[in-house]
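First up is the structure itself, then whatever we jot down about it.
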Amino acid sequence: MEDTTATERPKTQPARWRQGIAPLFALALCLLAIYALHRELRAYHLRDIRQALQALPSTTLWLAGLLTTLSYAVMTGYDVLALRYVGHPLAYRKTALASFMSYAFSNNLGFGMITGGSARYRLYGAWGVLALDIARIILFCSFTFILGLCTFGSLTLLIFPLEIPVGLHLPFATTRPLGAIFGGAVLAYAGTCLFRRKPIRAWALEFPIPSWRFASVQLLIGAFDWALAGSTLYVLLPHGRELALSHFLTIFILAQVTGIISQVPGGIGVFETVVVLLL
């Protein structure tokens, strides 16, 4: 008995260490987000924010709330598709809960693969989904999110181009080159789905190539999600009617791309700076 216990201890200690580091990392991200938010809002008093909110028409708030609800509803489609992709569909109430929890963490704390992935791992693991399948789900949802950005971004940046302010220090003068890059990524994925049959292998994971119909649903869900997110912020602008929705969506996409690249939790500070410069 003593020998067995002695040999088991080294195996359990690393597992406990890994379990303990995850909440500490999440706490560090949360504190970083709070600090960034405090830094951005320190020039404003709570009464100023309250007055600004009270000045908004009730119809505007209801419309923004409706668009937000629709956005989170569309986001559940990422997980619905991912579970079908790995061949382990679940009841929608479970899928919706896992999706909402994961995106609530990842959208506000940043590092979506880690923060949102941890929530998915905990919930889907409790519902009997295998660890490798959960890894596929996490990667699939992240890929669909980026695919939606490329799809919607290519349309807005190409059809409604903007001039890039010098202060952003980007290597192009308008948004058209970035839109072309996004469009090329979407076409490359579409071509892969049409002509490739051999699965893609990454580490210990294998990713079958989805059918064209399945990929089309991915494109639609991702693009619709980004359109709803941008529209939600648009209706809350103080003079939204003087700014065309198409024009603002181009600004929104460019600001989101900059925020994602920065990896600042929630894009706080980065996203707002780009929006202000472009407006």
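Here's how it looks for residue 174: its modeled amide H is under 5 Å from those of 164, which are all 5 or more places away or on a different chain.
Work out how much length residue 244 to residue 73 would gain on full extension: take 0.36 nm times their residue separation and subtract the Cα-Cα distance, in nm to one decimal. Could you put the intermediate results ahead of the total?
Working: separation 171, 0.36 × 171 = 61.56 nm, distance 2.56 nm.
Working it through step by step, the gained length comes to 59.0 nm.
Residue separation of residue 61 and residue 213 scaled by 0.36 nm, minus their Cα-Cα distance, works out to 51.1 nm of gained length. Can you give the Kirkwood hydrodynamic radius of segment 124-279 from its Cα pairs, in Å with one decimal? Kirkwood radius, segment 124-279: 17.2 Å.
If you take all C-alpha pairs in segment 115-178, what percent of them are over 19 Å apart? Please list the in-between numbers first.
Values: 1082 of 2016 pairs.
For segment 115-178, the fraction of Cα-Cα distances above 19 Å is 54 percent.
Potential lengthening of the chain between residue 279 and residue 43 amounts to 82.9 nm, from the contour at 0.36 nm per residue minus the alpha-carbon distance.
For segment 65-174, what D do you get in µm² per second when you plug the Kirkwood radius from alpha-carbon pairs into Stokes-Einstein at 20 °C and 1.002 mPa s?
D = 139 µm²/s.
Computed over neighbours whose Cβ is under 11 Å from that of residue 208, the net charge equals +4, Lys and Arg +1, Asp and Glu -1.
Since every read-out is calculated from the coordinates, none of them should be taken as a lab result. Note that the structure is predicted; figures quoted are calculated from it, not measured. All Cβ positions, glycine included, derive from the backbone under ideal geometry; neighbour counts span all protein chains shown.
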